[in-house]
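Data block below; observations after.
The values are calculated or read from the model by the stated rules, or taken from the named source; none is laboratory data. Being a predicted model, the structure only gives us computed values, none of them experimental. FYI the Cβ positions are ideal-geometry reconstructions off the backbone, even for glycines, and counts take in every protein chain you see. Just the protein is used for accessible areas: all its heavy atoms, side chains included, with ligands, DNA and RNA removed. Shrake-Rupley method; radii C 1.70, N 1.55, O 1.52, S 1.80 Å.
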Amino acid sequence: MRRSFVGLITLSFFIIGTLCFGDGGACDIANLIERLNNEPDILVIRDIAALKENGKSAGPSLVRFLWHDDWDVRVGAAKAMGYIGYTEAIPELIKLLGTDHDWRLVYASVQSLGRLHAAEAVPALTDISTSYWYLPVREAAQKAVLAITQGNQYPSRYHQSNFAFEFFDHEEVAITENRQAARDEYEKKVQSAGGEKDSLDNAQLKKLAYKVDMRPFIAAPEPKKGDFTKIQVPDAGGRAKDGYFVGSSRGEWGGELVSSTLKANR
């Protein structure tokens, strides 16, 4: 459900925004720069990035927004640098690799440095590719290093005709990318440390299933007691001092966090 929702948002970015492709389009780069300077907006930045090298003159304006208060604006500015080929932003993008409060900004900067073939960024990118806490960012850095050292184009996740999806891929990767791989990595770290993980595996979660009352989405006759009661297997859970805490999320249909004193077999 969450992935479909994000996909619809991304699609709306593509449909609603005004894309500009060179001379003769609905607007030119000068108008886009004026709009950007007057009222910074992620969709305007996307339109500039879509112009590729024809949007390079917006580089000086975009640099100012790399440190903007709006999270989306600065992520968009960092990502746009790579598409328009603004190599003058490389020193600032390298600085952003040290951001410790926003993985999306690091992710966007990594991608742009790869697209800009920033050789001076290879040491920092190599470090991120092996030590950054979030797997998608490490993989993006690995791709960037290969693109720089081998002289290849930075690989895109989407076809070039789907630029809006490509530009906003960080929204999708936050939900879908390598979730199981990240979980497997966590398990390995726990085992290598010789400890016991606090989270519960699928078999343990099934043993802690609980009853929950559901409510229908559409109007319905007064239900009889138990009509909408179901057995809910928790999505996640962990150990607590006197038992376990477990919970489930059903998106807009609700969710809960409950405690249990039942014993889940180890």
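The accessible-area ordering, largest first, of the residues 208, 43 stands as 43, 208, per a 1.4 angstrom probe.
Our note on the geometry: Cα centres of the range 109-172 and the range 48-88, 16 Å apart. Peptide packing for 160-166, 58-64 was compared via the average number of neighbouring C-beta atoms within 10 Å per residue; ordered from the highest value, the list is 58-64, 160-166.
Anisotropy class assigned to the range 36-111 is oblate, per the alpha carbon gyration tensor with a/c at or over the 1.5 cut-off and a/b no larger than b/c. Taken along the Cα-to-beta-carbon direction at a fixed 7 Å, the label points for residue 212 and residue 233 span 1.4 nm. Does the range 47-170 come out rounded, prolate or oblate by the C-alpha gyration tensor, with a ≥ b ≥ c the root eigenvalues, rounded set by a/c under 1.5 and, if not, prolate when a/b is larger than b/c and oblate if not? It is rounded, given that a/c, with a ≥ b ≥ c, falls under 1.5. Over the range 106-164, the pair-distance histogram of Cα-Cα distances with 10 Å bins from zero comes to 27, 53, 18, 1 percent, rounded to whole numbers.
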